[in-house]
Amino acid sequence: VGLTRAVTGLIMSRSAPDALSWLGTRSTIGTVSNRKRLLIIAHAPSDNTRRLFDAVVGGAQSPTIENVEVIARSPFDAGPDDVLAAQAVILGTTENLGYMSGALKDFFDRIYSPCLDKTEGLPYALYIRAGHDGTGTRRGIESIVTGLRWRAVQEPVLCRGDWQDDFVPQCEELGTALAAGLDLGVF
């Protein structure tokens, strides 16, 4: 949360644009040919989880971020090539029976071997929509990304318990912070 606020404070001179539709969203920010690529992979099976996904994408597409290309996909539509081309990743999932969604687990199953030893140090962040505490979900994801040797650049955003509208701006801040950090060369 500290990194999110610090980086967000550096670039937030205007509010983020309305979020785009979630499935297969591709947006290009800036015109410099050496743009960095932020990959957002999230399972969003409900209206509320779609709102979280759209908030992350909207935050990442802040008009103050100039040199970041945002690629947003469902876990089913993303693969190793997407990860290999990214300079940072945001992962989003629901808590399902105390674990990550099957969709995100399937994504990891498909990208693990092709990305192992090729994405070491890849900056990532995570948000979880958890009906309970999100502990098992977080532990499962962190176990996999530890094996990939990815680098967490902030604490996960845990949207716990009953739905709260406050979850949306937390996810928007996450998207803004990761894109801004990438744009500014923080990670």
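The values are calculated or read from the model by the stated rules, or taken from the named source; none is laboratory data. For clarity, every value in this text was computed on a predicted model and none was experimentally measured. Cβ coordinates were reconstructed from backbone atoms using ideal geometry, including for glycine residues, and neighbour counts include every protein chain displayed.
Structural remarks
- Region 70-81 residues that are without any contact (Cβ under 8 Å) to a residue 60 or more places away in the chain and crowded, with 21+ Cβ neighbours inside 10 Å, paired with ones that are part of a strand (DSSP E or B) and among the polar types (S, T, N, Q) (beta carbon under 8 Å, 6 or more apart): Ala72/Ser27
- Here the helices (runs of 4 or more DSSP H) wholly within region 75-187 that include at least 3 residues being farther than 28 Å from Ile65 by Cα are 102-115, 135-148.
- Residue within region 82-100 that is modelled with pLDDT under 95 and of a type in the set (A, V, I, L, M, F, W, C) present: yes
- Residue count for region 93-121, restricted to those that are touching a strand residue (DSSP E or B) at 6+ places or on another chain (Cβ under 6 Å) and free of Cβ contacts under 8 Å to residues at least 60 places away in the same chain: 6.
- Matching option when the condition is of a type in the set (Asp, Glu), under 17 Å from the mean Cα position of the chain (by Cα) and either at pLDDT 95 or above or surrounded by 16 or more Cβ atoms within 10 Å (Cβ to Cβ) (or both), among Asp54, Asp117: Asp54
- All positions within region 159-183 that are surrounded by 15 or more Cβ atoms within 10 Å (Cβ to Cβ), more than 16 Å from Gly131 (Cα to Cα) and not acidic (Asp, Glu): Gln170, Cys171, Leu174, Gly175, Thr176, Ala177, Leu178, Ala179, Ala180, Gly181, Leu182
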